[in-house]
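Colleague: The structure that follows is given in the form of structure tokens.
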Amino acid sequence: MHHLVEVAVTDDIDVVAAEMWALGAVGIEERDQSLTVAFADHTRALLVAERFRAEVNTVADTEGLDEWRSHAIAYRAGPFRIRPPWIESGEGLDLVVDAGHAFGSGSHPSTRLALELVAEEIKPGDRLLDAGSGSAILSIGAALLGATAVAVDIDPAAESVSSTNAEANGVSERVEFRLGLVDLAAGTYDLAVANVTIDIHEAIAPAFNRLVATPRLIVAGLLAGPQEQRCADAYERTIGGRASEGEWVALLLEP
């Protein structure tokens, strides 16, 4: 079952949506100035409902989470044209993504910014770590450019979504999914990317710094301003590059 909360938004809707993902949302549908947020955990749904003075509506697993499909469009990010499978291909490097109930359809600026930087930094033969991979869109993008990728996420929904998307893009052999924490990503990589909110960056950074060796790290899911330096400090790195869209920022961090 899923537990839906209708959140009325008076502030920046992207900021509130990012907060909902950080609180454990498994699906979000945007409607004007409101969000329908789905939680697998009833307690978390109740906490959000109490905060926003809303009600919790419990539904079957797929009900109420897939209406976004009728509004889906294609997006551009670097060399890629990101599209769901029911939209025809067009100009640009085709990247087919059906996010299902995982994060990463290409609709959010943080995803596009991360993908743009990955495209700039990745080289054929490189090994990429995609921490908090969601739909595996970043791993698949790297694989389409000739790299291999290890995609790691704690969301069980991400496993089947990642597999389906990798197969749809013909890169199944180049993308390995691991279900669990960043500890499962221990190793050496040519490039790593993490598209999560600042609180999650700060939470995973100690394990990342201890277990992952990489000369270049792309971080996204950040708001312009103090979060940029907070994130760089958490990973004990310096800012070597920056991309932005509206108030959202992605950074290239170097040793």
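The values are calculated or read from the model by the stated rules, or taken from the named source; none is laboratory data. This one's a predicted model, so the numbers in the text were calculated from it and none came from an experiment. Please note: Cβ atoms are built from the backbone with ideal geometry, for glycine as well, and neighbour counts cover all protein chains shown.
Colleague: Taking only segment 182-202 into account, find how many residues are surrounded by fewer than 15 Cβ atoms within 10 Å (Cβ to Cβ) and of a type in the set (A, V, I, L, M).
Modeller: Summing the residues that are surrounded by fewer than 15 Cβ atoms within 10 Å (Cβ to Cβ) and of a type in the set (A, V, I, L, M) in segment 182-202 gives 1.
Colleague: Could you run through segment 52-87 and say how many residues are in a loop (DSSP other than H, G, I, E, B) and either of a type in the set (Val, Ile, Thr) or modelled with pLDDT under 75 (or both)?
Modeller: Matching residues across segment 52-87 total 10.
Colleague: Please go through segment 21-49 and pick out each residue that is surrounded by 20 or more Cβ atoms within 10 Å (Cβ to Cβ) and assigned to a helix (DSSP H, G or I).
Modeller: Trp21, Ala45, Val48, Ala49
Colleague: With respect to the numbered conditions (1) modelled with pLDDT under 95; (2) over 23 Å from His108 (Cα atoms), which one is the sole condition not fulfilled by Ser172?
Modeller: Single failed check for Ser172: (1).
Colleague: If we only count helices (runs of 4 or more DSSP H) wholly inside segment 108-175, which ones have 1 or more residues that are surrounded by fewer than 20 Cβ atoms within 10 Å (Cβ to Cβ) and without any contact (Cβ under 8 Å) to a residue 40 or more places away in the chain?
Modeller: Output list reads 156-168.
Colleague: Out of segment 212-223, which residues are of a type in the set (Gly, Ala, Ser), modelled with pLDDT of 95 or more and either closer than 20 Å to Trp21 by Cβ or crowded, with 22+ Cβ neighbours inside 10 Å (or both)?
Modeller: Passing the criteria: only Ala220.
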